[in-house]
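The values are calculated or read from the model by the stated rules, or taken from the named source; none is laboratory data. Bear in mind the structure is a predicted one, so any value in this text is a computation, not a measurement. Areas reflect the complete protein model, heavy atoms only, side chains present, ligands, DNA and RNA absent. Shrake-Rupley method; radii C 1.70, N 1.55, O 1.52, S 1.80 Å.
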Amino acid sequence: AQTVTQSQPEMSVQEAETVTLSCTYDTSENNYYLFWYKQPPSRQMILVIRQEAYKQQNATENRFSVNFQKAAKSFSLKISDSQLGDTAMYFCAFMNYNTDKLIFGTGTRLQVFP
Amino acid sequence: DVKVTQSSRYLVKRTGEKVFLECVQDMDHENMFWYRQDPGLGLRLIYFSYDVKMKEKGDIPEGYSVSREKKERFSLILESASTNQTSMYLCASSLSGLAFFGQGTRLTVV
């Protein structure tokens with residue numbers, strides 16, 4: 001069975017600084033997706049970034065980038081130039097190619113301070 | 001624009017009541033899911049469906065059932081609500097590795 005671990009329950013960062021959120025996972029599958037989702041106080045789950053396991057290149061979306069280490073089963077999220085609107089709960093998630101079922105970590109609450 | 005709509009944002013129900021949580025998607029997705037979100041536990045899969053009238057148990061199906069009579073609608077049913085089912089419930093639909101979530105229903109069972 002797949003598992004996803006986020007070891008940082010809470011993080012904080014000053015506005016304009018950079019922060020990295022950690023995620024590790026365990027699977028015996030070779031083909032899968034990894035995701036970072038953001039959940040602000042509105043509760044809407046917002047897709048931040050998606051990584052396909054077969055792609056060696058790390059995914060980036062504007063200020064958000066990942067460090068995907070497939071052999072180490074590590075998938076960290078780097079947020080550059082942090083903004084107050086980045087304050088949210090962040091979830092790392094795993095999805096098997098064939099099922100579309102998501103397995104989530106327990107989340108990291110990120111607070112961005114002015 | 002992609003849309004997954006859950007019928008209520010907040011619900012308060014009494015112990016023993018039968019509760020229906022409704023979810024509708026407008027993207028013609030075959031895959032639909034119900035997750036439960038609790039602090040410190042993340043989101044956990046309750047039930048999912050890959051087609052009309054098809055359903056499969058997720059990781060925590062006990063105390064729940066589902067119904068999918070039409071492709072766009074996936075209902076979560078609490079047959080007899082209990083206080084330990086107080087939680088946030090999120091519906092999602094997906095296609096080819098991309099999932100879209102509803103806004104969540106915060107259910108309180110008193």
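On the Cα set of segment B:39-89, report Rg and Dmax in Å, please.
Using the Cα atoms of segment B:39-89, the pair Rg, Dmax is 11.7, 34 Å.
So with the 1.4 Å probe, I'd like the accessible area per residue for chain A, rounded to whole Å². Can you show the working numbers first?
Working: 5600 Å² over 114 residues.
Normalised by residue count, the accessible surface of chain A is 49 Å².
Could you give the semi-axes, largest first, of the ellipsoid that matches chain B, computed as the square roots of 5 times the alpha carbon gyration tensor eigenvalues and rounded to whole Å? Could you put the intermediate results ahead of the total?
On the way: eigenvalues 95, 39, 34 Å².
Square roots of five times the eigenvalues give 22, 14, 13 Å.
How long are the semi-axes of the ellipsoid equivalent to the protein assembly as shown, from square roots of 5 times the Cα gyration tensor eigenvalues, in whole Å, largest first?
30, 21, 15
Determine, at each q value in 0.13 (inverse angstroms), the log₁₀ of I(q)/I(0) that the Debye formula gives when each Cα of segment A:17-114 is one equal point scatterer.
-0.42
Counting only heavy atoms of the protein chains, get the accessible area per residue of chain B (1.4 Å probe) and round it to a whole Å² value.
Heavy-atom accessible area per residue stands at 48 Å².
What is the set of long-range amide H partners of residue B:47 at a cut-off below 5 Å, with H atoms built 1.01 Å from backbone N?
Amide H neighbours of residue B:47, under 5 Å, 5+ apart: B:34, B:58.
Take chain B, connect every pair of alpha-carbon atoms lying under 10 Å apart with a spring to form a Gaussian network, then pick out the residue of B:24, B:12, B:66 with the largest mean-square fluctuation.
Comparing B:24, B:12, B:66 in a Gaussian network model of chain B, the most mobile one is B:12.
If you roll a 1.4 Å probe over the protein assembly as shown with all protein chains in place, what percent of the accessible area is carbon or sulfur?
47 percent
Can you list the lysines whose alpha carbon sits under 16 Å from that of residue A:73, skipping same-chain ones fewer than 8 residues off?
Hits, sequence-local ones excluded: A:55.
Are there any residues in segment A:75-114 with a reduction of at least 20 Å² in accessible surface when going from the isolated chain to the assembly of protein chains? Probe 1.4 Å, please list them by number.
So the qualifying set is A:91, A:95, A:99, A:100, A:101, A:102, A:104, A:106.
In Å², rounded to the nearest 100, what is the total accessible surface buried by chains B and A against each other with a 1.4 Å probe? Present the calculation step by step, with values, prior to reporting the outcome.
Working: alone 6150 and 6520 Å², together 10900 Å².
For B against A, buried area totals roughly 1800 Å².
Set the bar at 18 Å for Cα to Cα. Now go through A:101/B:55; B:3/B:55; B:3/B:70; A:78/B:3 and name every pair that lies beyond it.
Working: A:101/B:55 13 Å; B:3/B:55 22 Å; B:3/B:70 16 Å; A:78/B:3 28 Å.
Over 18 Å apart, Cα to Cα: B:3/B:55; A:78/B:3.
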